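All remarks here apply to the structure that follows.
The values are calculated or read from the model by the stated rules, or taken from the named source; none is laboratory data. This is a predicted model, so every value here is computed, not measured. Cβ placement follows ideal geometry from the backbone for every residue including glycine, while neighbour counts extend to all protein chains displayed.
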């Protein structure tokens with residue numbers, strides 16, 4: 001089992017809680033915040049991870065009942081569960097990278113990212129991944145995509161997900177989608 005630490009200092013608060021505070025609350029050694037989207041484990045170890053996550057979640061809910069100002073989220077639960085199981089960081093972090101791709105916000109993508117084995121694009125959940133899903137569920141588009149050479153497929157993914165840059169069309173679509181969500 002491996003983790004993908006975000007790189008925050010242990011005292012850095014994410015959604016109301018630092019891993020320093022979380023470790024103290026759970027009686028664990030301080031550990032890294034790993035985010036909640038990335039899980040890499042042999043299938044035989046997944047039951048252990050589920051059990052550890054359920055344990056951490058139950059203890060955090062108990063603490064929350066005693067103090068409803070305690071805020072935590074799935075990444076806190078998973079980070080603590082990974083630590084309980086002794087999971088270490090990914091050996092070759094160059095193969096995968098957490099990439100921020102949104103217009104008008106922090107961006108950290110570039111040409112080098114086109115060659116990575118795995119793109120972790122959390123900001124694209126509401127944007128590019130939705131468009132990509134539409135591509136793959138449209139019979140005519142999916143058929144065309146199935147015939148793409150690797151380089152064409154990477155280019156298509158990049159255009160949908162903003163790697164290595166956002167196209168004007170993606171930029172307008174993302175900003176318009178964010179505005180629509182805020183108006184609702």
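Kindly provide the set of residues from segment 150-184 that are outside any helix (DSSP H, G or I) and more than 18 Å from residue 117 (Cβ to Cβ), ordered by number.
Step one: of segment 150-184, the residues outside any helix (DSSP H, G or I) are 162-167, 184.
Those that are outside any helix (DSSP H, G or I) and more than 18 Å from residue 117 (Cβ to Cβ): 162, 165, 166, 167, 184.
From the list 36, 86, which residue is in contact (Cβ under 8 Å) with a residue 24 or more places away in the chain and in a loop (DSSP other than H, G, I, E, B)?
Numbers: 86 fails: in contact (Cβ under 8 Å) with a residue 24 or more places away in the chain.
So the residue among 36, 86 that is in contact (Cβ under 8 Å) with a residue 24 or more places away in the chain and in a loop (DSSP other than H, G, I, E, B) is 36.
Quick one: is residue 154 surrounded by 15 or more Cβ atoms within 10 Å (Cβ to Cβ), within 27 Å of residue 4 (Cβ to Cβ) and in contact with a helix residue (DSSP H, G or I) (Cβ under 7 Å, 6 or more places away or on another chain)?
Answer is yes for this residue.
With respect to residue 46, determine if the residue is over 24 Å from residue 8 (Cα atoms) and either at pLDDT 90 or above or surrounded by fewer than 13 Cβ atoms within 10 Å (Cβ to Cβ) (or both).
So residue 46 fits the description; yes.
Considering segment 90-144 alone, what residues qualify as being free of Cβ contacts under 8 Å to residues at least 24 places away in the same chain, closer than 27 Å to residue 41 by Cβ and not in a loop (DSSP other than H, G, I, E, B)?
97, 115, 118, 123, 133, 136
Taking only segment 1-33 into account, find how many residues are part of a loop (DSSP other than H, G, I, E, B), surrounded by 12 or more Cβ atoms within 10 Å (Cβ to Cβ) and modelled with pLDDT under 90.
Result for segment 1-33: 6.
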